[in-house]
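Remarks on the structure that follows.
The values are calculated or read from the model by the stated rules, or taken from the named source; none is laboratory data. What you see is a predicted model; the values in this text were computed from it and never measured. Methodologically, a virtual Cβ is constructed for each residue, glycine included, from the backbone with ideal geometry; neighbour enumeration extends over all protein chains shown.
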Amino acid sequence: MTAAAERPEADDPPLHRNRDFVLLWTGSALSMLGSTGATVAYPLLVLAVTGSAADAGLAGFTALLPLLLLPLPAGALVDRVDRKRLMIWCDVVRGAGALSIVLALALDRLTLTQILLVGFVEGSLTVCHELASHVAVPHLVPKRRLTEALSRNEARERAAVTLGTPLGGALFGVARALPFLLDAISYAVSVVTLLLIRKDFQAAPGGAPESDGAAPESDSAADGAGPPAKPLAELAAGFAWLWRQPFLRTAALAVAGSNLLFRALFLVVVVLADERGASPTGIGVLLGVAGAGGVLGSTAASWCRRRLPLPAVVIGANWAWALLAVGLLLADDLYLTGALYALMWFVGPIWNVAVATQQLSTTPDHLQGRVSGASSVLSGGALPLGSLAGGLLLQWYGTGTALTALAVWMVLLAGAVTLSKAVRQGPAAPDDPPASDPALPAPTDAPAV
């Protein structure tokens, strides 16, 4: 075989042979597994230390608060500093925080204040770490493999939740410090994998990586390429760019609406299962099956993206959720309820991978962090509202009316997405630039279909 024939394989290896991507994927998977186990253990630890359910709720709120407060400033940070170095320091500090919990337990000196502080710091650094990891992917894989890489990342995240949740509870039952010791070890492994990665996680100043298909760098401060005139202008640059893309803007608003449904539905399904006689173990199994549905959806996401236009994915996913929500309303069997809920989880990764591929492929590299942060604010900001809505609906009207309201909401949302011109005329290929933005040139190489 000639050298010319060998070059494509060397330049474009399968993902399992892409050394840098495998290292990033593995380190992130282990750190997610550890942090998920610790997330489950935190409220159990607070209950064990203080005996107060209110304190346990406060610990959960403190740990999740960065998801609402920090995506925008974290995105600006990710765009301005060395992303790999940032991720390493995030892992180092998160690991030290977990070890401080282990040490305090060993010395019998643990306090609620320490738990709240460690939870908030870990949550804050997790926002920075995950944003940096997300926007690093186009720099580690060829453009034609971006969808596949994002599919594997979706599977990684959902598997970490599916496995880490019961693991954290089981380890806490053996010894209170074990989930936090596992968390610290997982961060140490992540640091090692990051140090072994050879490629950079961002384009050199004034350039763009070959694999990301981004627009040429701009000198405009309004676009965030150069030093911004004001800090607020830099933070707003991601929102400003996202808002100028009709398809991505509509998709971000749609996912905010669907996330409100899913967070409310999570609580409603748990209460519904309890009312139908499911034991706590049975409810855990039901939620575990739903998580497994998400993992299966992650494995199918790349296949679907290669064969379906983006408008079909976005419209189809919303109608699938709407019909499944109506099915949950009509179902009178616990097993059928679990199956329908798992199917809703199956659809989620297909949507996430398709839209994330479009966003990463068309966003200029100097804006990747801030655009991802803006998307995270829209999607994550709906979660606490969904929890509040679900709780109020259950308290005031009961499960039947709550399910009816959520099903109607999802049907209306699906109808709005279907009628949206921005979605129906959206890009067919995962890396096509929006037609309404002449600043973005058409990609030079089309993905394999």
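Worth a mention:
- Scope the stretch 312-333; condition outside any helix (DSSP H, G or I) and touching a helix residue (DSSP H, G or I) at 6+ places or on another chain (Cβ under 7 Å); matching residues: Ala331
- Whichever residue in the stretch 242-299 is of a type in the set (D, E, K, R) and either outside any helix (DSSP H, G or I) or under 18 Å from the mean Cα position of the chain (by Cα) (or both) and, among such residues, is surrounded by the fewest Cβ atoms within 10 Å (Cβ to Cβ): Arg276
- Residue check for Val118: farther than 28 Å from Trp351 by Cα, crowded, with 23+ Cβ neighbours inside 10 Å and free of Cβ contacts under 8 Å to residues at least 24 places away in the same chain: yes
Yes/no matrix, rows are residues, columns are (1) more than 21 Å from Ala76 (Cβ to Cβ); (2) buried (at least 24 other Cβ atoms within 10 Å of the Cβ); (3) in contact with a Ser or Thr (Cβ under 8 Å, 6 or more places away or on another chain):
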site	(1), (2), (3)
Val326	yes, no, no
Asp332	yes, no, no
Thr337	yes, no, no
Leu343	yes, no, no
Pro349	yes, yes, yes
Val353	yes, yes, yes
Gln358	yes, yes, no
Pro364	no, no, yes
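- Residue in the stretch 300-315 that is among the small types (Gly, Ala, Ser), surrounded by 19 or more Cβ atoms within 10 Å (Cβ to Cβ) and out of contact with any Asp or Glu (no Cβ under 7 Å at 6 or more places or on another chain) present: no
- Residues located in the stretch 141-152, provided they are out of contact with any Leu (no Cβ under 9 Å at 6 or more places or on another chain) and within 15 Å of Trp351 (Cα to Cα): Thr147, Ser151
- Exactly one residue among Thr26, Thr50 is modelled with pLDDT of 80 or more, in contact with a Ser or Thr (Cβ under 7 Å, 6 or more places away or on another chain) and surrounded by fewer than 17 Cβ atoms within 10 Å (Cβ to Cβ), and that residue is Thr26.
- For Phe172: the one exception among (1) hydrophobic (A, V, I, L, M, F, W, C); (2) under 30 Å from Gly415 (Cβ atoms); (3) modelled with pLDDT of 80 or more: (2)
- Any chance Thr50 is in contact with a Phe, Trp or Tyr (Cβ under 6 Å, 6 or more places away or on another chain) and over 22 Å from Ala237 (Cβ atoms): no
- Some residue of the stretch 101-112 being surrounded by fewer than 24 Cβ atoms within 10 Å (Cβ to Cβ), hydrophobic (A, V, I, L, M, F, W, C) and under 19 Å from the mean Cα position of the chain (by Cα): no
- Within the option set Asp108, Asp12, Asp79, being modelled with pLDDT of 80 or more and closer than 28 Å to Ala136 by Cα holds for one residue only, Asp79.
- Test: residue in the stretch 356-370 that is assigned to a helix (DSSP H, G or I), out of contact with any Asp or Glu (no Cβ under 8 Å at 6 or more places or on another chain) and of a type in the set (Ser, Thr, Tyr): no
- Criterion applied to Glu157, Glu148 was being at pLDDT below 85 and acidic (Asp, Glu), and the one residue passing it is Glu157.
- Residue check for Ala56: crowded, with 24+ Cβ neighbours inside 10 Å, within 30 Å of Leu378 (Cβ to Cβ) and at pLDDT below 90: no
- Gly238 more than 24 Å from Leu324 (Cβ to Cβ) and modelled with pLDDT under 75: no
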